[in-house]
1. Just to be sure I understand the model, the point goes 7 Å from the Cα along the line to the Cβ. What's the resulting TRP141 to GLU17 distance in nm?
2. Report the FRET efficiency, 1/(1 + (r/R0)^6), for SER97 and HIS10, where r is their Cβ-Cβ distance and R0 is 22 Å, rounded to 0.05.
3. Taking the Cα centroid of segment 97-120 and of segment 135-160, what is the distance between the two, rounded to the nearest whole Å?
4. Treating the angle as unsigned and between 0 and 90°, give the value, to the nearest 10°, between the Cα long axis of helix 18-42 and the longest Cα principal axis of the chain.
5. Between LEU166 and GLU105, how high is the FRET efficiency from 1/(1 + (r/R0)^6) when r is the Cβ-Cβ distance and R₀ = 35 Å? Nearest 0.05.
6. Count neighbours as other Cβ atoms within 10 Å of each site's Cβ, and list the trypsin sites (Lys or Arg not before Pro) in segment 117-157 that are DSSP loop with at most 14 such neighbours.
7. For segment 170-220 and segment 1-59, what is the separation of their C-alpha centers, rounded to whole Å?
8. Can you tell me the mean projection area, over all orientations, of the convex hull of segment 66-220's alpha carbons? Units nm², please.
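Throughout, read-outs are computed from the coordinates displayed, never taken from laboratory work. As the structure is a prediction and not an experimental result, all values here were calculated from the model. Cβ atoms come from the backbone with ideal geometry, glycine included; neighbour counts cover every protein chain shown.
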Amino acid sequence: MNHSDQILSHGRILRYEFHERLTHWIAAGSYIYLMLTGLAFYSPWCFWIAALLGGGQVSRMLHPWAGLIFTGAILKMFSMWSAQMYPTGADKAWWDSIGHYIRNEDDQMPAAGRYNAGQKLLFWGFIICGVLLLLSGAILWFPEYVPWNLRFLRYLAVLIHPSAALLTIGLFLIHIYMSVFAERGAFGSIIRGDVSLAFAKRYHPGWYEEITGQPASPKK
Ligand code: HEM
């Protein structure tokens, strides 16, 4: 899409097209189901979740299928967004200024593009863990097809699957906090698709400049 088409008639900027939002919500919905049923299998303390979701057997049967839906969604995310997620020199400067970010001193931060370095980390974290979860999950789903002389793969899968899942839970909690509570306007962007000019200028000045051709407010 042309940058000029991204500036909407009512003075807002299109951040996510419909297919991006749909993919995101398929990933989110399947992930939440996977996380809840996965926690139920992980610890007896959490088994009550499986009971709420139709029982242990139903959860065990649907969990791997939800995993395939999640994998499909993150592969689509990879094809849509990976080109914008590679680290740049500006990202290093962004991490070096993380203290300002934590203190909400956005005007002191180096200009982020469409995604800041934290969002890029989240993206790659989900992609890498997604691949690990798929590979280890396939072994746990069909252990009978793993040849006996390669049985160490089963032990590896038992270790990797929950470790990668716990890592994504950490990423997920940070993602919810940042995108729903910390950055006002972000949640609307993944529902309706657009953000205000003020949001773009404050959180993604490099992207604002790219889309509008106008300088974002000068840094102090
Ligand atoms: C209820 C759960 C979720 C909510 C409320 C949520 C919310 C959001 C919001 C508001 C954005 C837009 C942020 C921005 O552009 O400034 C976003 C982007 C994104 N979401 Fe989610 N999300 C959820 C679950 C997930 C899950 C499970 C994944 C894992 C695949 C995910 C991956 C991403 C990615 C990669 C982006 C783009 C980069 C970023 O903004 O961090 N989200 N999400």
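1. A separation of 2.9 nm, rounded to one decimal place.
2. Working: r = 33 Å, r/R0 = 1.50.
Efficiency for this residue pair is about 0.10.
3. Result: 41 Å between the Cα centres.
4. Approximately 40 degrees, to the nearest ten.
5. After rounding to 0.05, the efficiency reads 0.65.
6. Details: sites: LYS120, ARG151, ARG154; in loops: ARG151.
Loop-located and lightly packed - ARG151.
7. Taking the Cα centre of each part, segment 170-220 and segment 1-59 sit 20 Å apart.
8. Numbers: hull surface 44.4 nm².
For segment 66-220, the mean projected area of the Cα convex hull comes to 11.1 nm².
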